[in-house]
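The structure appears right after this line, and notes come after that.
Read-outs: derived from the displayed coordinates by stated rules, not from any lab. Nothing here was measured: the structure is a model prediction, and the numbers come from that model. Glycine also receives a Cβ, built like all others from the backbone with ideal geometry; neighbour counts cover every protein chain displayed.
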Amino acid sequence: MGFVGRWLSEAISLGLSLGFAFAAMQVPALTHDYTTALRQVTEEVRHDVDQREASARHFYNLSATTDDDVIQALRPFEPSNAEGLVASLGRARNLRAAYDRIEAAAPILQPVIAAIDFIEDTKGYKPSVLATTFATFEPQIVISTAAAVYGMLGLLIGSLVAQLVISLTLRLFRGRRARVTVQT
């Protein structure tokens with residue numbers, strides 16, 4: 001491999017390593033935005049539940065104060081509305097529990113906890129939160145221990161991918177050159 005080949009090999013290796021490192025450094029910031037979105041969606045759902053409960057209390061003259069008591073009191077009058085409240089409360093509680101789990105973890109583990117929580121989402125509440133997170137996410141470089149650790153992991157993975165790409169390219173190039181030599 002000549003001068004240009006070595007230069008190109010090193011440039012690819014450096015580019016992929018740095019690219020993966022930069023992408024991996026985004027993981028803690030993305031997790032922060034995800035938890036913010038979880039909190040916001042939880043608050044929106046909770047606000048909707050509170051409004052619906054207040055309306056039911058006013059319309060049916062209910063004296064119930066807790067969520068479960070309002071639902072029980074509403075069931076004889078409007079069973080479908082009561083079931084809608086149960087579903088909304090379940091969603092709010094699920095999202096709030098996810099937020100609490102992520103926030104309670106050490107900053108370096110928060111992305112892992114968020115990923116596990118997202119994967120284990122059996123109710124399907126979190127894909128919309130994640131979609132919103134990606135839609136509003138602005139790449140940033142945050143100087144933190146978590147970003148440094150994820151950046152180093154990205155650097156290692158990027159270096160490995162670069163070496164794989166270079167090795168496969170060289171193998172294909174050498175194989176093609178050997179076939180051309182044999183044919184002539």
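In terms of surrounding Cβ atoms within a 10 Å radius of their Cβ, 25, 152 rank from fewest to most as 152, 25.
Think of each Lys and Arg Cβ as +1 and each Asp and Glu Cβ as -1; about the Cα centre, that makes the dipole of the stretch 3-179 roughly 1480 debye.
The order of 10, 138, going from fewest to most other C-beta atoms within 10 Å of their C-beta, is 138, 10.
Gain in length, residue 142 to residue 83, computed as 0.36 nm per residue apart minus the alpha-carbon separation, to one decimal in nm?
On the way: separation 59, 0.36 × 59 = 21.24 nm, distance 4.38 nm.
Contour length minus Cα-Cα distance gives 16.9 nm.
Rounded, prolate or oblate: which fits the stretch 29-135 when a ≥ b ≥ c are the square roots of the eigenvalues of the alpha-carbon gyration tensor, with rounded for a/c under 1.5 and prolate only if a/b beats b/c? Prolate, since a/c reaches 1.5 and a/b exceeds b/c. Of the trypsin sites (Lys or Arg not before Pro) found in the stretch 24-133, those in coil by DSSP whose Cβ has at most 13 other Cβ atoms within 10 Å are 123.
Within the chain, the selection of entire DSSP H helices by a Cα span of 20 Å or greater along the long axis and an average Kyte-Doolittle value of at least 0.0 returns 145-183.
Which percent of the Cα-Cα distances in the chain go past 25 Å? Please list the in-between numbers first.
Working: 9661 of 16836 pairs.
The proportion of pairs with Cα distances above 25 Å equals 57 percent.
Going 7 Å from the Cα of residue 64 toward and past its Cβ, which residues in the stretch 84-112 have a backbone nitrogen under 19 Å from where you end up? Answer for the stretch 84-112: 84-94.
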